[in-house]
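The values are calculated or read from the model by the stated rules, or taken from the named source; none is laboratory data. This one's a predicted model, so the numbers in the text were calculated from it and none came from an experiment. Cβ atoms come from the backbone with ideal geometry, glycine included; neighbour counts cover every protein chain shown.
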Amino acid sequence: MNRSEVARSSSKLSSGIVGLDSILMGGYPARRASLIMGETGSGKTTLSLFFLISGLQAGESVVLVTCSEPPEHLIDYIDGYGFPGTEWAEDGRLRVVDLRPNPGDIVAGAYELTPILLRVEGAVKMSGATRLVVDMLENLDIAFQDSGRPRKELQQLFDWVTEIGLTAIMNCGTPQVSRNAGILAEYLAEYYAGCVIKLSQRVENRLMTRVLRVVKLRGGGHGTDEYPFSMDARGVGILPVSDVLLNAEASTERISTGLAELDEMLGGEGYYAGSITMISGQAGSGKSTFAAQFCKAALNTGRRALFVSFEESRTEILRNMEPVGIDLAPHLADGSLDIFPIRPTEVGLESHLLNLARRIDENNHEIVVLDPVSAFIDMGQPMEVKMMLLRLIDFLKLRGATTVMTELIKVQVNPVDEIAVSSLTNMWIQLRSVESNGEFNRLLYILKSRGLPGSNQVREFRITSQGIVIEDMYIGTGSMVFGAERAARMAIEEEETKTRDATLQRVREALDIEQKAFEARQKEIDAEHIGRMKELESEIRAIERRIATDQEARADVRRSRK
Amino acid sequence: MLTLYVAGRTPLSGRAIGNLGRLFERSDVRSRFDWEVVDILEHPDAAEKARILVTPTLVKATPPPRCLIFGDLSETESLLSGLGIP
């Protein structure tokens, strides 16, 4: 591809680093100079080498101007990253212009920088380069005036670069590195650079964190945050939090949690494929076992899994899971399971991110277990740890990896997760060990289940030699009870139930008796009533008879007087 | 051997050549060095090969150590110390 073709094809040129392209909305501005500034060792050279590699891989020719490192070292670096640097240099597509000053050089009068212009122009013209990197120009003391301005030839060089439409990266130190660096950086940023990137590094807990920030990007938006990045033998890794995720496809496929009861609590079928679940709990509450059980179930259905352990070795994991009926060894043997033990303190946060991202990319793991992510708490500022985990979660979601991460909760007061990443997960399951009557009982809650019905019940579970067993729900009177106390309470309940039944029987009988008594009394009253009625009727009849007898007697007297 | 690299016929080139010529009027200099002039506009490869950064540049290749002296050589003291001449 020649210069005009590149010019037509795009307004951005890839930086050669996926994450950086995303931050720069496509790459460095094409046909412009970009400035990368930063302290010594902050990664300027590496970043710009990847810009060149990206062009070389696309068939372009490039020129690298070095004022600091020997050309052969720079070519070695490219070889070291796994690209044919030496070959590119030999076939002339990669030209290195060596502008390193000699420490013993002497100035004995007025001079011009014509050779620099001639050499750079010559290299660009001969190779037909589209990309140019100028590394550490500030090392050329002879290119700066005593007044502290770059000499006019540098301005001519930058003008020429812009004029012929090269896409260029100028690397430069910060004012803290040297006076010239400050002058050059300011000058480039003000007059030439369409894009300014600042790199910095800080050491915390004896581990180095590198950060990248886009200070300026002409003609369009760019990410404005500080982006941590890492560098290792394979290059630069940046995983920005990307809005691509908002478009990430939400799967409707479900993956079993490995436990029928838990699947049921989540609406019947388990986790959504590609979802992120957090399992929090105290030490010994069974977090790893839950994670392993899920892993095992997924492996049994032929999926590929990555089990990242931040605390235990491969053999420890196998040994700990075997007695609880989770045999991971066959999956490890056939390659479907990748157990990756790594100490959190072994490398910096960014390197962890990069390592995990690479491992998952290379092996296409569908299932990922991170046990426990709380191991990162001491690795930096809480916000940094959270951001790293956020970006890891983003990455996992983007990859569609169904993930279970565990988290150790030290003090069990409220369901509070210390890293506060549970809000970023789809599912949050909490395990609790509750002591009562001298024994520990394990409980499971679903605190959050985004997009799933999610049972709000608290369930007791046991870890047996056949794995985890989730007990049937027990809804007693008053508060939840578990274990032996649960059994005792059940007996009491049973007793109480019996008593109540008996009482009911009694009351029912009483009711019956009452009815009968009432009826009896009713009969008595009836009888009394009837008796009274008969009494009164006979009394009436007796009086009537007496009246009649009296009348008869009076009539007899009247008749006898006549 | 001294090589003076210049870029075309500029006033600076002229002054450097003049200053170097005057230096070679000294017999102790003449007895120790020869000199030549290379125009990098005509020989760009020579500039690349000798890693020339500025013009004029006087390169002392031998006797070692190799030393580069920048400028029109008007500062005689610097020039002499660069060439190791007391």
Those residues of the stretch A:92-116 that are more than 51 Å from the chain's Cα centre (by Cα) and more than 7 Å from every other protein chain (Cβ to nearest Cβ) come to a total of 1
When (1) more than 27 Å from A:V97 (Cβ to Cβ); (2) touching a residue at least 40 places away in the same chain (Cβ under 8 Å); (3) outside any helix (DSSP H, G or I) are applied to B:E25, the one that fails is (2)
Of those in the stretch A:141-154 that are modelled with pLDDT under 90 and out of contact with any helix residue (DSSP H, G or I) (no Cβ under 8 Å at 6 or more places or on another chain), the residue surrounded by the most Cβ atoms within 10 Å (Cβ to Cβ) is A:I142
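Considering only the stretch A:272-282, how many residues are within 12 Å of A:F294 (Cβ to Cβ) and touching a Phe, Trp or Tyr at 6+ places or on another chain (Cβ under 8 Å)?
2
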Checked the stretch A:98-109 for anything touching a helix residue (DSSP H, G or I) at 6+ places or on another chain (Cβ under 6 Å) and farther than 18 Å from B:A46 by Cβ; matches are A:I106, A:A108
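Could we say that A:N139 is in contact (Cβ under 8 Å) with a residue 24 or more places away in the chain and over 9 Å from B:L53 (Cα atoms) here? Before you say what the answer is, go through the steps one by one.
Details: in contact (Cβ under 8 Å) with a residue 24 or more places away in the chain: yes; over 9 Å from B:L53 (Cα atoms): yes.
In short, yes.
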Just one listed residue, out of A:I367, A:I360, is in contact with a Cys (Cβ under 7 Å, 6 or more places away or on another chain) and crowded, with 17+ Cβ neighbours inside 10 Å, and it is A:I367
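For the stretch B:38-86: of the residues being among the charged types (D, E, K, R) and in contact with a helix residue (DSSP H, G or I) (Cβ under 7 Å, 6 or more places away or on another chain), which is farthest from the other protein chains (Cβ to nearest Cβ)? Lay out the reasoning, then the answer.
Residues of the stretch B:38-86 that are among the charged types (D, E, K, R), as a first pass: B:39, B:42, B:45, B:48-49, B:51, B:60, B:66, B:72, B:75, B:77.
Those left that are additionally in contact with a helix residue (DSSP H, G or I) (Cβ under 7 Å, 6 or more places away or on another chain): B:48, B:60, B:72.
On the way: B:E48: 6, B:K60: 10, B:D72: 4 Å.
Taking the candidates together, the pick is B:K60.
Does any residue of the stretch A:28-51 turn out to be free of Cβ contacts under 8 Å to residues at least 60 places away in the same chain, buried (at least 18 other Cβ atoms within 10 Å of the Cβ) and either under 35 Å from the mean Cα position of the chain (by Cα) or in a strand (DSSP E or B) (or both)? Write out each step before concluding.
So in the stretch A:28-51, the residues free of Cβ contacts under 8 Å to residues at least 60 places away in the same chain come out as none.
No: the stretch A:28-51 contains no residue that is free of Cβ contacts under 8 Å to residues at least 60 places away in the same chain, buried (at least 18 other Cβ atoms within 10 Å of the Cβ) and either under 35 Å from the mean Cα position of the chain (by Cα) or in a strand (DSSP E or B) (or both).
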Residue pairs qualifying under the 7 Å Cβ cut-off, at least six apart or on distinct chains, with the first in the stretch A:394-409 being assigned by TED's automatic domain parsing to the domain that holds A:I279 and in a strand (DSSP E or B) and the second being crowded, with 20+ Cβ neighbours inside 10 Å and polar (S, T, N, Q), are A:T402/A:S275; A:T403/A:T277; A:V404/A:T277; A:T406/A:S288; A:E407/A:S280; A:E407/A:S374; A:L408/A:S374
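For the subset of the stretch A:329-357 comprising residues that are among the hydroxyl-bearing types (S, T, Y) and in a helix (DSSP H, G or I), which member is surrounded by the most Cβ atoms within 10 Å (Cβ to Cβ)? Step through it out loud before you land on a result.
The initial filter retains those residues of the stretch A:329-357 that are among the hydroxyl-bearing types (S, T, Y), namely A:336, A:345, A:351.
Cutting the leftovers down to in a helix (DSSP H, G or I) gives us A:345, A:351.
Values: A:T345: 14, A:S351: 21.
Going through the qualifying residues, I end up with A:S351.
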Review point. Would you say A:G19 is assigned to a helix (DSSP H, G or I) and touching a strand residue (DSSP E or B) at 6+ places or on another chain (Cβ under 8 Å)?
Key: yes
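Mind checking whether some residue in the stretch A:304-320 is aromatic (F, W, Y), within 23 Å of the chain's Cα centre (by Cα), assigned to a loop (DSSP other than H, G, I, E, B) and surrounded by 14 or more Cβ atoms within 10 Å (Cβ to Cβ)? Give the steps one after another, and end with the answer.
We begin by selecting, within the stretch A:304-320, every residue aromatic (F, W, Y); these are A:307, A:310.
Then keep just the ones that are within 23 Å of the chain's Cα centre (by Cα); that gives A:307, A:310.
Within this subset, residues satisfying the condition of being assigned to a loop (DSSP other than H, G, I, E, B) are A:310.
Filter once more, so that each one left must be surrounded by 14 or more Cβ atoms within 10 Å (Cβ to Cβ): A:310.
Within the stretch A:304-320 (the criterion being aromatic (F, W, Y), within 23 Å of the chain's Cα centre (by Cα), assigned to a loop (DSSP other than H, G, I, E, B) and surrounded by 14 or more Cβ atoms within 10 Å (Cβ to Cβ)), the answer is yes, since at least one residue qualifies.
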The condition from (1) under 19 Å from B:E48 (Cα atoms); (2) more than 10 Å from chain B (Cβ to nearest Cβ); (3) without any contact (Cβ under 8 Å) to a residue 12 or more places away in the chain; (4) not aromatic (F, W, Y) that A:V124 misses is numbered (3)
Residue hits (the stretch B:1-37; at the interface with chain A (Cβ under 8 Å from one of its Cβ atoms) and among the aliphatic types (A, V, I, L, M)) are B:A7, B:L12, B:A16
Inside the stretch B:31-78, the number of residues satisfying the requirement of being crowded, with 21+ Cβ neighbours inside 10 Å and either among the hydrophobic types (A, V, I, L, M, F, W, C) or without any contact (Cβ under 8 Å) to a residue 12 or more places away in the chain (or both) is 10
Across the stretch B:27-75, the tally of residues that are β-branched (V, I, T), at pLDDT 90 or above and more than 12 Å from the chain's Cα centre (by Cα) stands at 1
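Which of the residues spanning the stretch A:371-393 are in contact (Cβ under 8 Å) with a residue 60 or more places away in the chain and in a helix (DSSP H, G or I)? Before you say what the answer is, go through the steps one by one.
Filtering the stretch A:371-393 for residues in contact (Cβ under 8 Å) with a residue 60 or more places away in the chain gives A:371-373, A:375-376, A:378-381, A:384, A:387-388, A:390-393.
Answer for the stretch A:371-393, where residues must be in contact (Cβ under 8 Å) with a residue 60 or more places away in the chain and in a helix (DSSP H, G or I): A:V373, A:A375, A:F376, A:D378, A:M379, A:E384, A:M387, A:M388, A:L390, A:R391, A:L392, A:I393.
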